[in-house]
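Peer 1: Let me give you the structure first, and then I'll get to my questions.
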Amino acid sequence: MGNVLLPYGPAAERKRVLSLPMKPFAPKTITDARRLMQQQATVHEQGTALDSEEITRGIIRLSGRMYRHLEHVTGGKPFKTAGTSYL
């Protein structure tokens with residue numbers, strides 16, 4: 001769910017998070033800050049985040065932003081499904 005919250009947070013917080021060491025949770029975890037910044041820009045533009053086995057092998061998550069009073073992103077709703085990777 002962090003992938004859908006981070007792009008809408010304060011720029012200073014994004015910079016701080018992206019400067020931290022990134023630990024891989026699964027083989028497809030994004031650990032490159034530049035690649036993660038590109039992903040975050042796409043999430044901000046589209047309003048949804050796709051996690052294709054980045055946290056858990058075999059699990060694909062789609063999260064969407066949720067608004068409070070139509071102003072601030074306050075959370076996300078993840079949808080999970082088992083998936084098979086062919087890559």
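The values are calculated or read from the model by the stated rules, or taken from the named source; none is laboratory data. Everything numeric in this text was worked out from a predicted model, so none of it was measured. A quick note on method: Cβ atoms are made from the backbone with ideal geometry, for glycine too, and the neighbour counts reach across all protein chains shown.
Peer 1: Give all pairs with beta carbons closer than 9 Å in which a residue from segment 17-35 that is farther than 18 Å from Val4 by Cβ and in contact (Cβ under 8 Å) with a residue 60 or more places away in the chain meets a residue that is surrounded by fewer than 10 Cβ atoms within 10 Å (Cβ to Cβ) and among the polar types (S, T, N, Q); count only pairs at least 6 apart in sequence or on separate chains.
Peer 2: Short answer, once both residue conditions are applied: none.
Peer 1: Can you pull out every residue in segment 1-33 that is among the small types (Gly, Ala, Ser) and part of a helix (DSSP H, G or I)?
Peer 2: Selection gives Gly2, Ala11, Ala12, Ser19, Ala33.
Peer 1: Of all residues in segment 1-35, how many are within 19 Å of Leu62 (Cα to Cα) and among the aliphatic types (A, V, I, L, M)?
Peer 2: 6
Peer 1: Separate question: Pick out the one residue from Thr74, Thr84 that is β-branched (Val, Ile, Thr), loosely packed, with under 11 Cβ neighbours inside 10 Å and modelled with pLDDT under 85. Write out each step before concluding.
Peer 2: On the way: Thr74 fails: loosely packed, with under 11 Cβ neighbours inside 10 Å.
When all the criteria are applied, what remains is Thr84.
Peer 1: So which residues in segment 34-60 are among the polar types (S, T, N, Q) and part of a loop (DSSP other than H, G, I, E, B), if there are any at all? Show your work before the answer.
Peer 2: First, the residues of segment 34-60 that are among the polar types (S, T, N, Q): 38-40, 42, 46, 48, 52, 56.
Within segment 34-60, Thr56 is the sole residue that qualifies.
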